[in-house]
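The values are calculated or read from the model by the stated rules, or taken from the named source; none is laboratory data. Owing to the predicted nature of the structure, the values given are computational and were not obtained by experimental measurement. We place every Cβ from the backbone using ideal geometry, glycine too, and count neighbours over all the protein chains shown.
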Amino acid sequence: MLTTVSSPSKTVTIGDDQPFCIIGERINPTGRKAFQEQLRAGDLSQVLIDVDEQIAGGAHILDVNMGVPLADEPALMAQAITMIQEKTDLPICIDSSVIEALEAGLSVYKGKALVNSITCEADRYEAVLPLIKEHGAAVICLTNGEEGIPVLWEERFEFCKRLVDIVHGKYEIPMEDIVIDALAMPIGAEPQSAYHFFKTIEAIKGEFDLNTTCGASNTSFGMPSRHTLNGTFLAMAAGAGMTSAIMDARSEECVKAVRGSDVMLGKDEYGITWIGNYRPPAKV
């Protein structure tokens with residue numbers, strides 16, 4: 001299964017036979033007080049700095065979240081997406097829990113966006129999926145619902161089945177436009193969380209061949225040496241079949257982990273891309 005996301009001049013393809021897709025997570029004010037204050041004041045200059053850092057790190061897609069309390073999130077989202085598309089041709093993942101912000105982002109976006117996200121909760125998917133269909137976007141679907149986030153992989157896989165029935169069966173959104181988030185959870189709180197995540201990925205790949213993703217940094221929350229843990233998790237998840245992740249593209253350890261997984265899984269034949277990333281620049 002191949003999922004495509006595009007800007008006016010660049011298409012990124014996510015799939016089993018494609019390089020692991022890095023969705024840069026940094027353009028997000030969560031936990032960043034100074035950035036939040038800037039956005040409330042209408043100052044989006046930090047967004048462009050974050051864009052540069054994500055591109056330099058190797059991001060293929062940029063996740064954009066403008067969720068700031070006491071701010072006009074729809075207006076910020078529309079402004080941020082317009083600014084980013086003027087600066088780079090990387091496709092965008094529009095990330096918000098606010099329907100109006102998703103709608104504002106999709107209304108100004110040029111190309112085929114990825115939207116983050118829906119769950120099995122009816123009030124969420126009933127509001128978001130018509131927007132997805134109207135704008136021809138792809139959508140990230142989280143394997144949880146009103147019951148919360150299940151621990152066991154079998155229960156997460158049941159949510160995946162429900163999502164396929166809803167998104168593809170009811171709303172007739174193409175299977176290739178569905179990306180399943182198997183929900184990475186903190187390993188420090190649940191020692192078997194990574195095991196159940198990998199099993200969920202394997203089941204989704206085996207049954208539906210859908211593309212998969214997660215918020216990779218969640219797995220190391222509360223632990224020391226987080227980049228090392230995140231890199232280990234990402235490489236193992238790629239081995240289980242995960243094809244993309246919302247991750248910190250500034251983290252050299254994490255980026256090297258997914259690029260290394262491309263080599264080991266035969267997605268980077270003869271290590272050409274790997275070698276190219278470490279070849280010294282030509283002397284002038």
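For the stretch 56-78: of the residues being in contact with a Gly (Cβ under 8 Å, 6 or more places away or on another chain) and β-branched (V, I, T), which is surrounded by the most Cβ atoms within 10 Å (Cβ to Cβ)? Taking the candidates together, the pick is V64.
Inspect all residues belonging to the stretch 67-75 and state whether any of them is under 25 Å from T212 (Cβ atoms), part of a helix (DSSP H, G or I) and in contact with an Asp or Glu (Cβ under 9 Å, 6 or more places away or on another chain). No, the stretch 67-75 has no match at all. Looking across the stretch 121-165, the residues that are at negative phi and in a loop (DSSP other than H, G, I, E, B) come down to E121, A137, T143, N144, E146, E147, I149, P150, V151, L152. Counting the residues of the stretch 145-194 that are under 23 Å from M223 (Cβ atoms), free of Cβ contacts under 8 Å to residues at least 24 places away in the same chain and surrounded by fewer than 14 Cβ atoms within 10 Å (Cβ to Cβ) gives 2. Among the residues that make up the stretch 213-228, is at least one of them under 15 Å from the mean Cα position of the chain (by Cα) and surrounded by fewer than 18 Cβ atoms within 10 Å (Cβ to Cβ)? Looking for residues that are under 15 Å from the mean Cα position of the chain (by Cα) and surrounded by fewer than 18 Cβ atoms within 10 Å (Cβ to Cβ), one finds at least one in the stretch 213-228, hence yes. For the stretch 261-281, filtered to residues that are part of a loop (DSSP other than H, G, I, E, B) and within 22 Å of the chain's Cα centre (by Cα), the residue that is surrounded by the fewest Cβ atoms within 10 Å (Cβ to Cβ) is L265. The set of residues in the stretch 186-212 being over 15 Å from the mean Cα position of the chain (by Cα), hydrophobic (A, V, I, L, M, F, W, C) and either assigned to a loop (DSSP other than H, G, I, E, B) or modelled with pLDDT under 95 (or both) consists of I187, A189, F208.
Among the residues making up the stretch 173-217, those that are hydroxyl-bearing (S, T, Y) and within 20 Å of D17 (Cβ to Cβ) are T212, T213.
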